[in-house]
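So the structure is just underneath, and the comments pick up after that.
The values are calculated or read from the model by the stated rules, or taken from the named source; none is laboratory data. Just so it is clear, the structure is predicted and the values come from calculations on it, not from any experiment. Here the Cβ positions follow ideal geometry from the backbone for every residue, glycine too, while neighbour counts run over all protein chains shown. Each accessible area value is taken on the protein alone, full model and side chains, heavy atoms only, with ligands, DNA and RNA left out. Shrake-Rupley method; radii C 1.70, N 1.55, O 1.52, S 1.80 Å.
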Amino acid sequence: YSGKKKDQHLTENMMNMKVRDFQSIPVVVQESLSVYDAITQMFLEDVGTLIVVDDQSKLTGILSRKDLLRTAIGSTDLEKIPVHMIMTRMPNIAYCRKNEALVHVAKVLIERQIDALPVVEETDKGLSVIGRITKTNITSAFLSLAENHDL
Ligand code: ADP
């Protein structure tokens with residue numbers, strides 16, 4: 001390949017990297033879960049973001065490490081505070097679909113200064129959570145692109 005062909009190839013490969021090829025399993029919790037149990041869950045599942053759903057499993061909110069830390073330093077009865085009181089809620093959640101380009105997700109993460117996006121599918125009842133994309137997934141995609149191009 002000439003340099004230009006190689007660049008074209010790289011660009012094409014990059015645009016072909018889709019959410020569905022790099023997404024992780026979503027870690028979801030119910031709105032009624034206590035902040036205490038959410039913190040436990042975050043450690044057990046080894047994730048930095050918990051996705052909150054209603055009893056129909058539809059996306060309603062998101063919880064970051066700092067959301068939980070903020071509550072933990074400001075309150076005592078963490079068992080009595082349900083996560084729906086402290087989560088970032090719809091319609092303010094940034095999410096994506098499985099067929100979107102990964103670079104688009106990277107742009108959203110940087111612009112909104114967040115670590116993760118839920119991957120959703122539209123149903124008649126609301127947004128169904130089918131995955132999760134984090135900065136780690138993007139980093140792994142970045143590495144696989146480099147490796148595929150012997151960089
Ligand atoms: P941390 O707060 O631990 O640094 P984030 O940067 O991911 O983690 O989260 C920053 C804030 O943005 C938190 O209040 C969190 O609830 C919110 N947030 C996280 N992910 C999203 C998202 N996909 N859409 C909207 N808000 C989000």
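Structural remarks
- Gain upon complete extension [residue 85, residue 31; 0.36 nm per residue less C-alpha separation]: 18.6 nm
- Calculated FRET efficiency for the pair residue 45/residue 151, C-beta based, R₀ 41 Å, to 0.05: 0.80
- Rg/Rg_globular for the chain, with Rg_globular taken as 2.2 N^0.38 Å and Rg from C-alpha atoms: 1.21
- For the chain, the share of accessible area belonging to carbon and sulfur comes to 52 percent (1.4 Å probe, ligands and nucleic acids excluded).
- Dipole moment magnitude, nearest 20 debye, region 36-151 about Cα centre, only Lys, Arg, Asp, Glu C-beta charged: 340 debye
- Helical contribution to [θ] at 222 nm, DSSP H n ≥ 4, -39,500 (n - 2.57), averaged over the chain, rounded to 500: -12500 deg cm²/dmol
- Ordering 92, 24, 138 by Cα displacement along the dipole of the chain toward the positive end leaves 138 in first place; charges were set at the Cβ atoms of Lys, Arg (+1) and Asp, Glu (-1).
- Rolling a 1.4 angstrom probe over the protein heavy atoms with all chains in place gives the chain an accessible area of 62 Å² per residue.
- Computing FRET efficiency as 1/(1 + (r/R0)^6) for residue 73 and residue 99, where r is the C-beta to C-beta distance and R0 is 35 Å, gives about 0.30.
- Cα Rg over Rh - region 17-90, Kirkwood: 1.00
- 29 Å Cα-Cα reach of residue 58 towards lysines, excluding residues that sit fewer than 8 places from it in its own chain: 18, 66, 80, 98, 107, 125, 135
- Highest GNM mean-square fluctuation among 58, 18, 125, for the chain modelled with Cα contacts below 10 Å: 125.
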